Amino acid sequence: METKKKVRSRKVVAGVEMMLMMVSLFAFCYFIGLSDVVFSLVSAEEEEEFSFEEWWNRTQRSHLFRNETRTTYEISSLAEGFGCCFISKDEQRCGTSAPDNCVADSPFAEGLLCKDTAFCRKGCCYDEASGIYDRNVLSVDCLTEWVKDPNCNLPGAALGCCILGAETSYETEGQCQVDSFVLALGDSGGVDWRKDVNEAGCFLLATEQKEGACVLEGGACKFVTGESCHNYGGDFFEDYLCTSPELNTSCEMTRQTQCVDGKDGVYFVDSCGNPANIYNVWKVDDVDYWDRVAELEDLCGSRDIDGGNANSEECGNCNRFAGSICSSADEDNFNVDIGDFYCRDTSCLFKGESYRNGESWCVYDGAIGEGNDVVGSRHWRYVCSQGVVVVEPCADYRNQICIQADEFDVNGKSVPFRDSACVANNWRECINLNSEEDGTTACESALNCRIETVDVADYFEFDICLPQYPAGFSLSEERSMTTASKLCGMGTQTCTVVREGEKWGRGCEYVANEDCLTSVFAEEMNDFCRGLGDCGGSVNIVGEYSENYDVTKDGVTDSSLFLSSSWVDKLKDLAKPVPGQFAEVENYSVFLEAAGIWGPSTSLNASADDTGDKMQDFASGLSGVSMAISFLTSGSVLGMTVIEGGLLGSSPGLSAFGGAAMGASIGMLVGTMLANYLELSPGGTMLMAVGGALIGAVVGWYGLGAGLASIGPVGWAIIIIGVILMILGSLFGAGDCDDIEIEFECKAWEAPVGGADCEKCNDDPLKPCSEYRCESLGAACELMNVGTDNELCGAMEDDGKAPVLSPQYDVISDGIIYDDVSSSGFSLNPSGGGCIDAYTPLMFGVVTSELAHCKFDFEATDFESLGQDLGGNAYLINHTTVFSLPDPSHGQSQGYNWTGDLSLFVRCQDVYGILNDGFYEIEMCVNEGEDISAPRVVKTTPKNDELVGVVVGEVELEIVTNELATCWWSERDIIHSEMENEMYCGDSFGAPSDVLGYVCNSTLLLGEQRQNYTYYIRCGDQPWLNDSERNFNLRSFVYEVRRPESVIVIDSVEPGTDFQTSTDMTTVELRIATSGGGEEHFCSYSFSGYENMIELFETGGNRMHTQIFNRPAGRNEIFVECEDETGDFARGVTEFEIIHDSSIPQVSRIWQDQSFVNLILNEGAECKYSLDGCKFVWDEGVSIGEGKEFEFGVVKGKKYFIRCKDVHGNVPSGCLVELVAT
Amino acid sequence: MCRVDAWSSWWRHNDGIYKYENVGIKMKRGQVTIFIIVGILLVASVLGFFFLTEGEGGFLSPSDLSPQEFVKVCVREAVEESIDKILLNGGEIEASKTILYKGEEWNYLCYINESYYPCYNIHPLLELQIEREIEEDIEDELGDCFDKMRESFEDEGFDVDEGAMSYSVDLLPGHVAVNLKKSVELSGETGTRSFEDFGVEIMSPIYDLVRVVREIVNGETEYCHFNYDTYSFVYPEYEIQRADYDYSKIYSVIDRRSGSEFKFAVRSCAFEW
């Protein structure tokens, strides 16, 4: 019986032991497999505690000042409520303003740009009698006639060549009438105005006018044209001079000379004041030379085609195209042999190089292009104007660049002539392209843009579109400095260097982005930073370097990663102009074609931009960083869960094997802990774990069984093997292999301290100083005596005192007050007492008694080491900042050691580098307590209740919560646990990816086609806690999406039909009517196709989109495209012909019937006649009616000069018909 | 016959000619006669001078002094002053919208407050505007001119009757014409003379300068640009200077022949943040 009982109990024990063994086997393997995880989990538990500063560095540094990558510079957008105001309170007319800034009785159109309003519409103001037509005039400013056409395309505004004796003038017919009358040319004659002659032809026509001696009564003589002579009633002798002996006039030869209007040369002048032949010292007494007008080839110096007889003492045959012009010898202190005038050299000498009159060239302050334009620089255009070098600075802040061409193609022949122009710098578009789909592709062909490839490490490379010539920013104007900070912030990027422990060694090995730990990171990032504008480490125009960036390693500045001194020296060299370097003349033809600007393009060189092979866009360029983050994220979260569920307890009553298994588990854990203590690699950890397990198993076996004293040789062998394994394992160290975050912070450029270089701005009269230029030379530099004749750049007075700090009382968050204010600081406290609530945006500021640069940190350290700028990297008076503080309890659970009390240590330095004494301390505390608040959704993208495209099937939703959370959504309003869709919330605690908080994403499917979609979102905070300890939304956040009722359509495009015009150029108003779609419609047009569209200036609120063009006659095809805010678009095209009727009326038949003349024309017209001649003033002619058929009475023997004008204003310059009545 | 050269006779008395005393007495008589005659003539002249001139300072009779000339000189001065102001103040007697540059106020002819947009021509038909400005500016002066003329002639004893005045100013090539009409009657002892036309022409290049200025303004308002250096090349009689200052363009158009300078400013397509 006793034996049976023993056998039965042994069977039971065996069975249990076998079960335990089997279970343990799996468990054992599981633990081995998880040794890496356990290793890292244990490491996390014992992880070094972070201070608040470290939390701050991980969050606020990267997000508070992180620039929103989408920066738009559209000038057509209007803030809500704004509109066009006719007269504002500051007496500005026709400007965009808020309604309360508009004078009470002034017209105001909300939401409209002024160009779209009636009261600010530009038109043409004219006076037909005087022939004056002025463009772009407001109707209220015009006291005569005003029409809506801003281009003044009216018949009377046509320009033609007015013949005024020996001179010509390119003007309207009305002006020609005035001039002719005044010059007594129209007294009895007519007005010689030729419509079909252009300006160049008119200029040449002057040289063709035949002049001669007009002998008047009494022997007087005038040297004029035949027509003028006829008006004077004299006898005309063509090509004769008034001093001709044959004419026997009272005019005699002299030794005087003069310049003649409209002519280049120096001319002899006779005693009557008439010009004679070109001054030639050898012919002053030559009677033959004073007889007739000399032929051109007989004139002195006619072969001097290169110099134009410049500076000749003997010959006055000047030629402006060859480089000389008639000028006063007295004024120029020139000794001419005879007379008072000479041919002045109109060429210029500039820095040893000769330039012809009219040539222009570009001058730069330093290197240009590729983002290398230095701070304070601008492009300059110099012109040689009649021997004087004239400077024309291109727009400041490099809003214009200077381009130069050295040759012109004239009829297939290359003519060397330097010509330059200041053209707008398209830098804004380059920046904007980065936020557009396919932006880098568009960048390749965009004007003045280039693709910068940042390639530092294997997972830190990206392409970005940057301006070829980055713009400058005002260094003193606050709004500009704010924009500059945002723009420069685009250059703030973090590279995560990923490491892991060596498998078989004690160190770490780099898995990704190792090269970010080299100087290449700072070099490439600084180039990127400088390429955005006046940012980063860069120099000014005198080569003074200013740092303006920071490189941190895990939140701590690491100067070993800064730019090397040799690299900085290279940057300093950029302040020296590069000989022969000019801004590239890019291919404008595509844009000119799109704009419908016809005419020959200037010489064009194909863009020489290099496009990189890697076409990653900016967002995906961060993929390396994202991968690194995922490494970081997946390990810790997973590990924590396992730790809590992974421990096995010891169960009494188990057999030795069970004990062994248990012991093995315990031993393994012991081994792992030991490995961690010794900082072993995963391999070493595994060995330690196994060895520990073996030892543990033996101990467990014997410990639970016969006792440790009974361990036999086998048991000891196992123990020894285990120990050997542990010893071997201890040889494989792992070290600390956390990822390393290397951040490059790109800051706005700040001038060097002091004002030692201010006066250098005044040195060069050919480079006049400006505010931008002056302020770039030093923080203490300012433009003085502004507006006076003594405007100079000088240094501000150094009062020798430190800035005094005080609270910025007008800037503080609601419910917060400045408390305990003293000269050494203040506290920020809720007005009701206590501490500030967590996750509340806290806005406050400091005011300094003078311009100062303020910085702060959480430790009292030297100014250079303070990590944060208060108010920006600039010299300001008001220093404002805003950030939100997390719940300290959240941080503590994440390993942050912070109780909620916070002190900021602030120091400020003035423009001369004088620091305030000690630290200005700002104290605050944050409520720490039981978190009973559920997360809040603070932002959604797309915005709530926004429209999406008609055919869009899904929406990529991004929400931002104020604290770290996990979120779900459903189409039903149900509790979170039943919601079908979980959002992806990839942020980790302390590293929110949005400035407002933590981001979650999901794709919302828009099912059946309907107009409204409603989604319910709920979130829970503190994802590291059990659900029972977390706070979940009890009410859903309702997110709605709408579709438009219909897709946007273009209803009509006008003009759509051909039309006739009476002028060479016609004002055409393109009118596009749209409907449907979303609430904002934006249209664009092109004359060349849909590839290059030009956007209309509009706000988006209109359904009628207009654009005014000035078009010549001919066929027109205009492509239009309109888009709404959802991205849906519609296209259209219109074709029309502008028919210019330029033909004058023709006589079909004319006959006389007794004392009447009958006239029939080929088209309707108004006809008049004169008895004096063909060139009569139209208004003074005798009208014979309007129509196609005419009949008028005539007197026998009289000669009738008849002219007819059709409805388009076409009238012959001479007579239509001359008849003598019989 | 008395010998005029009495002293030479005296030296001859030793030759037996008349004694000195007798010669002297005879000489004296002749001299006295001559002196008396001369004296009479002198007195008559003086009396005649005062009789004929009648008044302070005048050496000419009113019949020789035209009231037209009097007024013209006065009007010319007034108009020249106005023209100087116009040239300095960009087409206005007093500049209305200006920018301070190098210690001077430069008047805007084309302006828009907003950035990137072409300007509005705020002084269209500049010639006509300048004509009106001059007309208004000289109105009081014209009245003063006629007042001074009237006083002057009344002081000379004339009666001066004046009618209503009408005038206009025209900017014309090479000069400024003032068409001034006022009926003036001068009545005196010699009769009555009537005058009506007091028009005057003042040589000035302002008309031509304004033409150039309008070209510049039209270019700026349409293209935000004017190729002033090319213009100077084709029309060398004008020097055009331009300075860029505070998002505005400061223009100066100089007529090289006379040195007259038209100054103005433009704010168009400003590249302002």
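Test A:VAL804 against the stated conditions and say whether it is buried (at least 20 other Cβ atoms within 10 Å of the Cβ), more than 14 Å from chain B (Cβ to nearest Cβ) and in contact (Cβ under 8 Å) with a residue 60 or more places away in the chain. In short, no.
Annotation: of all residues in the stretch A:1156-1175 being under 19 Å from A:VAL1195 (Cβ atoms) and of a type in the set (Gly, Ala, Ser), the one that is surrounded by the fewest Cβ atoms within 10 Å (Cβ to Cβ) is A:GLY1173.
Assigned to a strand (DSSP E or B), in contact (Cβ under 8 Å) with a residue 12 or more places away in the chain and either buried (at least 17 other Cβ atoms within 10 Å of the Cβ) or not charged (D, E, K, R) (or both), is that true of B:LEU87?
no
If I filter the stretch A:99-112 for residues that are part of a strand (DSSP E or B), facing chain B (nearest Cβ under 10 Å) and within 21 Å of B:ILE122 (Cβ to Cβ), do I get at least one hit? No, the stretch A:99-112 contains no residue that is part of a strand (DSSP E or B), facing chain B (nearest Cβ under 10 Å) and within 21 Å of B:ILE122 (Cβ to Cβ). A single member of A:GLY262, A:GLY352 is of a type outside the set (Ser, Thr, Tyr) and within 14 Å of chain B (Cβ to nearest Cβ), and it is A:GLY262.
Each row is one residue, and each column tells you yes or no for (1) modelled with pLDDT of 90 or more; (2) closer than 23 Å to B:ARG242 by Cα; (3) within 11 Å of chain B (Cβ to nearest Cβ).
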site: A:ALA367; (1), (2), (3): yes, no, no
site: A:TRP380; (1), (2), (3): yes, yes, yes
site: A:CYS384; (1), (2), (3): yes, yes, yes
site: A:CYS394; (1), (2), (3): yes, yes, yes
site: A:ILE401; (1), (2), (3): yes, yes, no
site: A:ALA405; (1), (2), (3): no, yes, no
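Quick check on the stretch A:783-801: of everything there that is assigned to a strand (DSSP E or B) and over 15 Å from A:VAL753 (Cβ atoms), which residue is nearest to the other protein chains (Cβ to nearest Cβ)? This residue is A:LEU783.
Of the set (1) within 14 Å of another protein chain (Cβ to nearest Cβ); (2) within 22 Å of B:TYR235 (Cβ to Cβ); (3) within 42 Å of the chain's Cα centre (by Cα), all apply to A:ALA158 but (1). Annotation note: of A:SER770, A:SER776, the sole residue that is polar (S, T, N, Q) and within 14 Å of another protein chain (Cβ to nearest Cβ) is A:SER770. Every listed requirement among (1) within 14 Å of chain B (Cβ to nearest Cβ); (2) crowded, with 17+ Cβ neighbours inside 10 Å; (3) over 30 Å from A:GLN1060 (Cα atoms) is met by A:TYR133 save one, (3). Would you tally the residues in the stretch A:213-265 being outside any helix (DSSP H, G or I) and at negative phi? Selection size over the stretch A:213-265: 36. Can you tell me which residue is nearest to A:PRO150 (Cα to Cα) among those in the stretch A:110-126 that are in contact with a Gly (Cβ under 8 Å, 6 or more places away or on another chain) and buried (at least 17 other Cβ atoms within 10 Å of the Cβ)? This residue is A:TYR126. Scanning the stretch A:113-128 for residues that are farther than 28 Å from A:MET1104 by Cα, facing another protein chain (nearest Cβ under 10 Å) and not aromatic (Phe, Trp, Tyr) returns a single hit, A:ASP127. Does A:ILE817 satisfy the condition of being modelled with pLDDT of 90 or more, part of a loop (DSSP other than H, G, I, E, B) and farther than 23 Å from A:GLY918 by Cα? Judged against the criteria, A:ILE817 is not a match. On the stretch given as the stretch B:163-190, residues that are of a type in the set (D, E, K, R) and closer than 30 Å to B:GLN129 by Cβ total 3. Taking the criterion of being in a strand (DSSP E or B) and touching a Cys at 6+ places or on another chain (Cβ under 6 Å), the residues of the stretch A:391-422 that qualify are A:GLN400, A:CYS402, A:GLN404, A:SER420, A:CYS422. With respect to (1) at pLDDT below 90; (2) more than 37 Å from the chain's Cα centre (by Cα); (3) crowded, with 22+ Cβ neighbours inside 10 Å; (4) not aromatic (Phe, Trp, Tyr), the lone exception for A:VAL336 is condition (1).
Close contacts from the stretch A:195-208, counting a first residue that is more than 10 Å from chain B (Cβ to nearest Cβ) and under 18 Å from A:SER1142 (Cβ atoms) and a second that is assigned to a helix (DSSP H, G or I) and of a type outside the set (A, V, I, L, M), with Cβ to Cβ under 9 Å and a gap of 6+ residues or different chains, come to A:LYS195/A:GLU173. For the stretch A:353-388, a tally of residues being without any contact (Cβ under 8 Å) to a residue 60 or more places away in the chain, surrounded by fewer than 22 Cβ atoms within 10 Å (Cβ to Cβ) and assigned to a loop (DSSP other than H, G, I, E, B) returns 1.
Against the test of being without any contact (Cβ under 8 Å) to a residue 40 or more places away in the chain, more than 14 Å from chain A (Cβ to nearest Cβ) and under 28 Å from A:TRP146 (Cβ atoms), the options B:TYR167, B:TYR231 yield a single qualifying residue, B:TYR167. For the stretch A:1036-1063, a residue qualifies if it is closer than 30 Å to A:GLY949 by Cβ and surrounded by fewer than 19 Cβ atoms within 10 Å (Cβ to Cβ), and the qualifying residues are A:VAL1038, A:GLU1040, A:ARG1042, A:GLU1045, A:SER1046, A:VAL1047, A:VAL1049, A:ASP1051, A:SER1052, A:GLU1054, A:GLY1056.
In the stretch A:337-352, which residue that is free of Cβ contacts under 8 Å to residues at least 60 places away in the same chain and touching a strand residue (DSSP E or B) at 6+ places or on another chain (Cβ under 8 Å) is nearest to B:PRO236 (Cα to Cα)? So, considering only residues that are free of Cβ contacts under 8 Å to residues at least 60 places away in the same chain and touching a strand residue (DSSP E or B) at 6+ places or on another chain (Cβ under 8 Å), the one nearest to B:PRO236 (Cα to Cα) is A:THR346.
Is it fair to say B:SER248 is out of contact with any Cys (no Cβ under 9 Å at 6 or more places or on another chain), crowded, with 19+ Cβ neighbours inside 10 Å, at pLDDT below 95 and polar (S, T, N, Q)? Spelling it out, B:SER248 is indeed out of contact with any Cys (no Cβ under 9 Å at 6 or more places or on another chain), crowded, with 19+ Cβ neighbours inside 10 Å, at pLDDT below 95 and polar (S, T, N, Q).
Listed here are the residues, each with its yes/no results for (1) among the hydroxyl-bearing types (Ser, Thr, Tyr); (2) modelled with pLDDT under 90; (3) assigned to a strand (DSSP E or B); (4) more than 58 Å from the chain's Cα centre (by Cα).
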| position | (1), (2), (3), (4) |
| --- | --- |
| A:ASN1158 | no, no, yes, yes |
| A:GLU1166 | no, no, yes, no |
| A:PHE1176 | no, yes, no, no |
| A:GLY1185 | no, no, yes, yes |
| A:VAL1195 | no, no, no, yes |
| A:GLY1214 | no, yes, no, no |
| A:GLU1218 | no, no, yes, yes |
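Is there a residue being at pLDDT 90 or above, outside any loop (DSSP other than H, G, I, E, B) and of a type outside the set (Gly, Ala, Ser) anywhere in the stretch A:574-584? No, that holds for no residue. If the condition is being touching a Ser or Thr at 6+ places or on another chain (Cβ under 7 Å) and either in contact (Cβ under 8 Å) with a residue 12 or more places away in the chain or surrounded by 24 or more Cβ atoms within 10 Å (Cβ to Cβ) (or both), then the stretch A:462-480 contributes A:ASP463, A:CYS465, A:PHE473, A:SER474, A:LEU475.
Restricted to the stretch B:236-250, and to residues that are more than 9 Å from chain A (Cβ to nearest Cβ) and either part of a loop (DSSP other than H, G, I, E, B) or touching a residue at least 40 places away in the same chain (Cβ under 8 Å) (or both), which residue is nearest to B:SER82 (Cα to Cα)?
Within the stretch B:236-250, the match that is nearest to B:SER82 (Cα to Cα) is B:ILE250.
The values are calculated or read from the model by the stated rules, or taken from the named source; none is laboratory data. Quick caveat: nothing in here was measured; it's all calculated off a predicted structure. No Cβ is skipped: glycine too gets one built from the backbone with ideal geometry, and neighbour counts run over all protein chains shown.
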